[in-house]
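The values are calculated or read from the model by the stated rules, or taken from the named source; none is laboratory data. Worth saying up front: this structure is predicted, and the values here are computed from it rather than measured. Cβ placement follows ideal geometry from the backbone for every residue including glycine, while neighbour counts extend to all protein chains displayed.
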Amino acid sequence: MTFKLYNTLSREKEDFKPIDDGKVKMYSCGQTIYDDLHIGNSRAYVVWDTLRRYLEYKGFTVRHVQNITDVGHLTDDGDQGEDKVEQRAKELNMEPMELVESQIERYFEDTKALNVERHDIVPRATGHINEMIHYVKKIIENGYGYEVDGSIYFDVEAFAEDYPYGEMANKNLEQLKEEAEARVEHDEKKRNQFDFALWINADEDHLMKWESPWSEGYPGWHIECSVMSQKYLGDEFDIHAGGKDHIFPHHPNERAQAFAASGAGQAHYWLHNEFIQWEGEKMSKSKGNFVTIRELIEEGFSGNVIRLYINSAHYRSETNFSREGLNKAEKELNKLRKALKLADEDSDTLKDEANHTREKFEEAMDDDLNTAKAKQALLSLAGKVNSQGSASEDVGHTLDELSKVLGVYLRADVSKREASMADLLLDFRDEARENEDYQTSDFIRDQLEQLGFEIEDSNRGSEWF
């Protein structure tokens, strides 16, 4: 089976064919860096990291670029309101860049906890202001931008005479016009309300602003991704990925800018992940169900458990997150780890099952990255191993390698010294249990679990994973 991806542009699963054989150039939209990573936006970062891992598993060399938005993302998508970074910085009595530096550090700590590999390039919007100004100049020169009082707007109507605009959102200009007039406050500076800002003349009290040929101001939200994706990946590249909320207006506007400036529409494949609900409701700070990755880890759920749970549903399906589901994922992770530990070089048990599992895994992943079915293939193999009590070394290698493709690590990241210490403590624990000294037994288990070991009791005694 060929590798297929669902392209939002065509609304079909398409055979994946990169521009250059053996190489994949990929851009995904990153964090607006003003608050901690929550379970909702973490899904995108896990999904696109899993896509990268699977592409590399298939033998591709991948260049993955993901931006950091540290200016220009306003509280209203109609180019009105306050910059989200500035707003949050004021609430915390911080300078905007002070907040950004702190949040970038926390972002990478959180994504590392989820086993998200560091992207090849992580450009910041504020580091590319000069390129954005030059890009806006080209859009104006090509007839698709206009100035009003020091602000520059993209002329959607003029652009739509030469290029497709609403196809990603599957809407025509009349629909977009009606929606824009209903969605946002009327802006008398715009020729049409579906036009959008490329550069905004800053108010006197706006903190983040730069000199430009038009005004002292700051870039619109969409321009950064057009500029940085084409700067680092070329005018045309393979994959552009983001959340479902980017299907409109962010990605159509980004793509339009790219056509207007360069004559090329960036990516050949546009991928979007669905939203996550928490305990059956859309996440909202006002509802009190806004759950960050840090909070879940503090509750005792490991990054591996959270990652396995995220990959338990297809990325294009809306999924409901819950603590009950996380507890289930934790049991699944322990099931996989137990099976890996039972694999032995001296055993031939289930050797043929390893190849069969790999085929099922690849078949699922080739079908638009169906991580849910791929995970089930691994659990099925693990169940057979655990019921038989042994497996060949090939089975262990298969479980370990394919779990890593999902970004889930089965082997504890411990040194030989730490492993020896855990073995010794479990010997003491088994002795305590035999003597019905359950207080000591529970104390040893709790201490080991605080150190990151998963403890399971079986007829073979206590084991750690």
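Within the range 387-404, identify whether any single residue is within 30 Å of Asn311 (Cα to Cα), β-branched (Val, Ile, Thr) and touching a helix residue (DSSP H, G or I) at 6+ places or on another chain (Cβ under 9 Å), and answer yes or no.
Yes, because at least one residue in the range 387-404 is within 30 Å of Asn311 (Cα to Cα), β-branched (Val, Ile, Thr) and touching a helix residue (DSSP H, G or I) at 6+ places or on another chain (Cβ under 9 Å).
Taking each residue of the range 421-433 that is under 10 Å from Ile444 (Cα atoms) and assigned by TED's automatic domain parsing to the domain that holds Leu448 and looking for partners that are at pLDDT 85 or above and among the aliphatic types (A, V, I, L, M) with beta-carbon atoms closer than 8 Å, six or more apart or interchain, yields Leu425/Ile444; Leu426/Ile444; Phe428/Ile444; Arg429/Ile444; Ala432/Ile444.
Only one residue in Gln31, Gln80 is in contact (Cβ under 8 Å) with a residue 40 or more places away in the chain, under 25 Å from Arg294 (Cα atoms) and not charged (D, E, K, R), so which one is that? Step by step, each of Gln31, Gln80 is checked, and only Gln31 is in contact (Cβ under 8 Å) with a residue 40 or more places away in the chain, under 25 Å from Arg294 (Cα atoms) and not charged (D, E, K, R). Scanning the range 6-27 for residues that are crowded, with 19+ Cβ neighbours inside 10 Å and either assigned to a helix (DSSP H, G or I) or among the basic types (Lys, Arg) (or both) yields a single hit, Lys25. Of the residues making up the range 273-330, just one is without any contact (Cβ under 8 Å) to a residue 40 or more places away in the chain, closer than 16 Å to Ala372 by Cα and of a type in the set (Lys, Arg), namely Lys328. Condition first: of a type in the set (Phe, Trp, Tyr) and under 29 Å from Asn170 (Cα atoms). Can you find one or more residues in the range 59-76 that meet it? Scanning the range 59-76, I find no residue that is of a type in the set (Phe, Trp, Tyr) and under 29 Å from Asn170 (Cα atoms), so the answer is no.
The residues on offer are Asp77, Asp20, Asp70, and the sole one that is over 23 Å from Tyr409 (Cβ atoms) and at pLDDT below 90 is Asp77. Selection of the range 441-461 for residues being modelled with pLDDT of 75 or more and in contact with a helix residue (DSSP H, G or I) (Cβ under 7 Å, 6 or more places away or on another chain) yields Ser441, Ile444, Arg445, Leu448, Phe453, Ile455.
Yes/no per residue for (1) of a type in the set (Phe, Trp, Tyr); (2) modelled with pLDDT under 95; (3) assigned by TED's automatic domain parsing to the domain that holds Met132; (4) buried (at least 17 other Cβ atoms within 10 Å of the Cβ):
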| residue | (1), (2), (3), (4) |
| --- | --- |
| Ser284 | no, yes, no, no |
| Lys287 | no, yes, no, no |
| Val291 | no, yes, no, yes |
| Phe301 | yes, yes, no, yes |
| Ile306 | no, no, no, yes |
| Tyr315 | yes, no, no, yes |
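Taking the criterion of being touching a residue at least 40 places away in the same chain (Cβ under 8 Å) and among the polar types (S, T, N, Q), the residues of the range 156-197 that qualify are Asn170, Gln193. Is one or more of the residues making up the range 394-414 in contact with an Asp or Glu (Cβ under 8 Å, 6 or more places away or on another chain), among the charged types (D, E, K, R) and on the phi < 0 side of the Ramachandran plot? There is at least one residue in the range 394-414 that is in contact with an Asp or Glu (Cβ under 8 Å, 6 or more places away or on another chain), among the charged types (D, E, K, R) and on the phi < 0 side of the Ramachandran plot.
Is it the case that Gly30 is part of a loop (DSSP other than H, G, I, E, B), in contact with a Ser or Thr (Cβ under 9 Å, 6 or more places away or on another chain) and not acidic (Asp, Glu)? Yes: the conditions hold for Gly30. Residues in the range 341-354 that are part of a helix (DSSP H, G or I) and farther than 10 Å from Asp394 by Cα: Lys341, Leu342. Going through (1) out of contact with any Phe, Trp or Tyr (no Cβ under 6 Å at 6 or more places or on another chain); (2) farther than 16 Å from Phe259 by Cβ; (3) not aliphatic (A, V, I, L, M) one by one, Glu167 falls short only on (2).
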